[in-house]
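Everything below concerns the one structure shown next.
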Amino acid sequence: MKKTDLVIVGGGPAGLAAALSAFEKGIRDILILERDRELGGILNQCIHNGFGLHTFKEELTGPEYAARYVDMVREKRIPSLLNTMAVDVQGGSPCTVTAMNREQGIFQIAAKAVILAMGCRERPRGAMNIPGYRPAGIYSAGTAQRYVNIEGRMPGKEIVVLGSGDIGLIMARRMTLQGAKVKMVAEIMPYSGGLKRNIVQCLDDFDIPLKLSHTVTGIHGRERVEGVTVSRVDENLNPVPGTEQFVKCDTLLLSCGLIPENELSQQAGAQMDDTTQGPVVNARLETTVRGIFACGNVLHVHDLVDNVSREAEEAGAFAADYILNGEKDWGEAVRPEIPAKTKCTLPQNRDARSQLICIGCPVGCLITVGTREDGSLSITGNTCAKGEHYARSEMTAPVRAVTSVIRIKGGGGSVVPVKTASEIPKEKIGACMDQIRERQVNAPVRVGDVLIENVAGTSVPVVATGNYE
């Protein structure tokens with residue numbers, strides 16, 4: 001049986017941050033177990049920007065954010081086992097982790113402490129009770145995201161998205177940029193679960209309708225989705241008879257919430273919290289099972305990856321203290337502070353020409369723009385300088401950053417994530433995407449490589465945000 005001081009289950013942002021924190025606290029014998037082929041977790045397929053504003057004080061794409069942590073882990077020479085699935089975790093002195101991979105088969109690791117950082121997963125269709133057959137063309141939004149952003153495959157051409165959380169909004173834009181027609185985003189609640197800025201830049205920018213208080217009540221087609229029935233719901237979320245609308249489509253994307261990935265926690269015997277759906281922990285993020293800690297989305301679903309990293313750093317420090325100084329009294333259960341669920345409703349009767357939703361940060365300030373007597377712009381409602389800059393740009397020459405993927409020559413459909421090095425004129429997005437879709441590059445590709453020098457005549461280069469060997 002292999003022995004180590006600390007095993008971290010999960011090589012995503014939580015696992016990487018926890019490993020670095022434990023290393024800084026003096027733990028050198030650390031092993032990260034990751035079931036995917038590379039470190040970084042779900043961030044590798046989140047090629048859009050919006051990450052890192054708190055952690056790195058700049059806006060990064062998911063792969064860029066992950067790459068920074070991966071590079072730091074490699075600099076510290078913290079080992080990891082990729083393509084390795086943890087199948088059982090038991091607490092105690094020592095803790096025991098059972099794992100398996102193709103090279104070693106099933107094996108066990110004895111550890112002084114374990115940190116659970118497995119992340120979360122999407123709610124399946126079965127949890128939503130949508131009637132109809134089970135034809136091809138029904139995907140969770142995350143699965144579709146992986147197909148498009150990692151495997152370079154399009155799941156369909158005519159799309160309906162059910163659920164308006166951030167992943168649903170982002171995938172509506174992503175599918176549009178790749179040439180699909182998104183017919184609508186339907187949301188059962190009377191408000192969106194996503195950020196206001198995502199409604200603006202993912203739906204409004206592309207004239208994609210958002211149907212609040214609507215849900216899918218039927219799926220048509222036996223072999224492949226041929227369309228869906230969308231119905232309005234009442235205040236009790238029950239479909240209203242007579243409001244049915246048939247929408248022709250070949251693909252339905254489900255974006256209906258996330259739940260912590262906690263099979264291992266439950267198998268270990270950890271007490272679970274009915275509210276967070278994660279394990280019960282104390283102030284040191286230790287579960288009710290001796291020597292097992294939890295952090296990140298496995299503990300509760302976070303809104304920002306920056307908050308995941310910060311919590312994971314705390315878990316790494318607490319696990320290191322446990323290893324170096326021994327067990328302490330468990331103390332009392334502490335429920336992590338969970339921000340209230342976003343209830344995003346844009347102001348009714350908003351004049352889009354003079355009332356703007358700022359997309360500079362997640363706050364999404366409502367900015368009012370007028371004209372003074374001298375002809376200069378009057379800008380109010382913003383809470384930071386970004387808002388004023390955005391409003392001036394939006395009123396005169398609106399710009400957007402574009403993120404996408406470029407195909408690798410001879411890569412069997414493989415792609416590398418890219419972005420425009422700076423924002424480009426909004427009216428150039430279509431021409432930019434035309435060039436990106438046509439472009440193919442040779443491997444290897446490294447983060448920061450210029451893959452298109454002057455996209456759509458904007459003088460802005462398109463650069464790689466991920467690596468491809």
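Here are some notes:
- On the stretch given as the stretch 80-97, residues that are exposed (fewer than 15 other Cβ atoms within 10 Å of the Cβ) and more than 28 Å from the chain's Cα centre (by Cα) total 2.
- Residues that are in a helix (DSSP H, G or I) and either more than 16 Å from PRO362 (Cα to Cα) or in contact with a helix residue (DSSP H, G or I) (Cβ under 7 Å, 6 or more places away or on another chain) (or both) within the stretch 299-316 comprise VAL305, VAL308, SER309, ARG310, GLU311, ALA312, GLU313, GLU314, ALA315, GLY316, listed in sequence order.
- Candidates ARG174, ARG77, filtered to the one that is farther than 21 Å from GLY296 by Cα and either over 21 Å from the mean Cα position of the chain (by Cα) or among the polar types (S, T, N, Q) (or both): ARG77
- The criterion of at least 1 residues that are of a type in the set (S, T, N, Q) and in the same structural domain as GLU263 (by TED's automatic domain parsing) is met by the following strands (runs of 3 or more DSSP E) wholly inside the stretch 13-105: 49-51, 85-90, 95-101.
- Against the test of being crowded, with 19+ Cβ neighbours inside 10 Å and among the charged types (D, E, K, R), the options GLU64, GLU58, GLU24 yield a single qualifying residue, GLU64.
- Pairs with Cβ under 8 Å, 6+ apart, first in the stretch 145-163 and closer than 20 Å to ILE408 by Cβ and assigned by TED's automatic domain parsing to the domain that holds VAL230, second surrounded by fewer than 17 Cβ atoms within 10 Å (Cβ to Cβ) and of a type in the set (D, E, K, R): TYR147/ARG153
- Residue identified as closer than 30 Å to ARG153 by Cβ and of a type in the set (Asp, Glu) among GLU388, GLU438, GLU394, GLU373: GLU438
- Taken as a whole, the structure leaves VAL418 outside the set of residues that are more than 19 Å from MET175 (Cβ to Cβ), part of a strand (DSSP E or B) and at pLDDT 95 or above.
The values are calculated or read from the model by the stated rules, or taken from the named source; none is laboratory data. Computed from a predicted model, the values in this text were never measured in an experiment. Cβ atoms come from the backbone with ideal geometry, glycine included; neighbour counts cover every protein chain shown.
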